[in-house]
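Readers should treat all values here as calculations from the given coordinates under stated rules, not as data from a laboratory. A quick note: this is a predicted structure, and the numbers were derived from the prediction, not measured. For neighbour counting, all protein chains shown are included, and Cβ atoms are generated from backbone atoms with ideal geometry for every residue, glycine included.
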Amino acid sequence: MLEINIKEDSDSALYLQLYKKLKKKIKNEIEADTKLPPIRKLAAEVGVNPATVVKAYDMLAEEELIYKKVGSGSFVAPEKNLIQAADREDMLKHGQIKLAESINFASAVPSTDLFPVSDFKYAINQVLDRDQGEAFSYQKSQGFLPLRKSIRKYFAQRGIESSLKQIQVVSGAQQAIDIISKILLDYRDQIIVEDPTYFGALQAFNSRRAEMKSIKMEQDGANLEEMESYLQKNKIKFFFTMQNFQNPTGVSWSRKKQLRLLELAEKYDFYIIEDDILSDLYYEQKPVNNLKEFDKQGRVIYIKSFSKVFMPGLRLAFIVLPEKLLPEVLEAKYATDISSGGLTQRAFDYYLREGLLDKHISLQRSLFQKRYKLMQEQINLHLPEEVKITFKVKGGLYFWLNIPQNLDARELYEIAAQKELLFSPGYLFSINKRYSNYFRLSFAAVDEEQIKRGIKLLKDIYNNFSGMTENDDYSPLI
């Protein structure tokens, strides 16, 4: 029992008093991972409304002094956060920074002039005329039923079979990753991630205090021999993967490795979280295969987002779940934001049914294919031989480059940023700050002229940084 006294006649609100008292006890008395009293029990002990306890717990969670486990309660967090606040801000900066005159090879979000505003405006107007005020009502937590039917059909056309029960609508892929982490992970549970991998996922897993093992990426996917060696000695909850045009490497898994991965999941009893954001951006004639297409045992939790080919601000994504996980996901979704936006879901459903999404993706694929070819040409033409594209890629929005091991891509980034050239240094994508001599270039938010100008500028910056000179056209940057 926590001995906490608060004063109703105080100038300070009850929830603030409770928050401060709990914070003091957490810092001085209560050990890490101790379960705190349930909301109603603590409310009765202190003599306050349960809503007061909820507010206090929420404030503690925001400061990462406690963590919540859906269905289990709230627990005192360990003192050390595996990703420090400064690093989190740095990660966000590399993805979101936008200077008026900058050349932004860091952002993986398409420039706003590529958004299908006219078509989506048409869809919204049709929905408003049809549904009137209903368009602004709460949807069920699982999502707008007609949209789930539409997306089920869309998936089936691409080889992914599911029931309506299995489809959950969420507010973006990041929320999907966060919700899945909440329901599957307890403190110090073990998981495996690709190395390198998407830093937003690393943040979500670190917030759950998971123990992560990273498996090195190869040209055709992660090193599965290394993975099995680890699995023989360790029990994991899941493996997080981006099977097609992986962020940041651009690698796509081979069919052979996809099938072998599913065998390992069955043999060692773990889930696979497949995050699919770029499979639509293939630049060869044949579409790529998602791992979920071959999943016969319900091992794959499939997340699909269109943020990189549509409009990221809509915050819509879809999860195809094993049915036994649905109740916990629904509970976590409701606790997070009740439901995703009703008008957005209805408009996107109309957009899908009218075939407008397929039309837009086809246009985007054609446009980004030109940028992909141009950036590859410019890299090969202008950058020194020691600056190499690490993996051959056939789609997506990124190139993963490496420089000599004695050079630090983070230092190169800092110099480039001063010249208003932005990219993403490799350490952001690793659990242990590896890849100091790697960096990612994205062509999502730049046009063809910016690609040409940016690669030439990068050449000059790199040559100056590495101490190289060119007799013909190089002059020192001032």
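Some observations on this one:
- Across the chain, the mean sequence separation of Cα contacts (distance under 8 Å, 6 or more residues apart), normalised by length, yields a relative contact order of 19 percent.
- Simple spin-label estimate for Asn49 and Arg188 gives 4.0 nm between the two label positions (7 Å along the Cα-to-Cβ direction from each Cα).
- Here's how it looks for Phe391: its modeled amide H is under 5 Å from those of Trp400, which are all 5 or more places away or on a different chain.
- The protection proxy used here, the mean number of other Cβ atoms lying within 10 Å of each residue, ranks peptides 419-430, 225-236 as follows, highest first: 419-430, 225-236.
- Of Lys35/Lys235; Lys140/Lys359; Lys213/Lys433; Lys69/Lys333; Lys35/Lys324; Lys182/Lys333, those spanning more than 21 Å from alpha-carbon to alpha-carbon: Lys35/Lys235; Lys140/Lys359; Lys35/Lys324
- Full extension of the segment from Asp131 to Glu385, taken as 0.36 nm per residue of separation minus the current Cα-Cα distance, would add 85.5 nm.
- Annotation: amide H-H contacts under 5 Å for Ile272 (H modelled 1.01 Å from N, sequence separation of 5 or more, or interchain): Phe239, Val300, Ile301.
- Computed from label points 7 Å out along Cα-Cβ, the spacing between Asn234 and Glu449 is 5.0 nm.
- Ranked list, fewest to most other Cβ atoms within 10 Å of each Cβ, for Leu412, Leu2, Leu383: Leu2, Leu383, Leu412
- Sequence-separation-based contact order of segment 14-76, relative, with Cα cut under 8 Å and 6+ spacing, percent: 43
- Virtual paramagnetic centre 7 Å along Cα→Cβ of Arg255, amide N under 17 Å, in segment 124-167: 158-160
- Hits among lysines - C-alpha to C-alpha of Lys257 under 18 Å, sequence gap 8 or more where chains match: Lys216, Lys267, Lys292, Lys296, Lys392, Lys394
- In terms of its C-alpha gyration tensor, segment 117-354 has a prolate overall shape, because the principal axis ratio a/c (a ≥ b ≥ c, square roots of the eigenvalues) is not below 1.5 and a/b outweighs b/c.
- Per-residue ellipticity at 222 nm, computed for the chain from helices alone with -39500 (n - 2.57) per DSSP H run of at least four residues, works out to -13000 deg cm²/dmol.
- GluC sites (Glu not before Pro) within segment 239-330: DSSP coil, no more than 14 neighbouring Cβ in 10 Å: Glu284
- Its residues counted as N, the chain yields a C-alpha radius of gyration over 2.2 N^0.38 Å of 1.05.
- Spin-label pair Glu293-Ala335: with each label point 7 Å from Cα along the Cα-Cβ axis, the two points sit 3.7 nm from one another.
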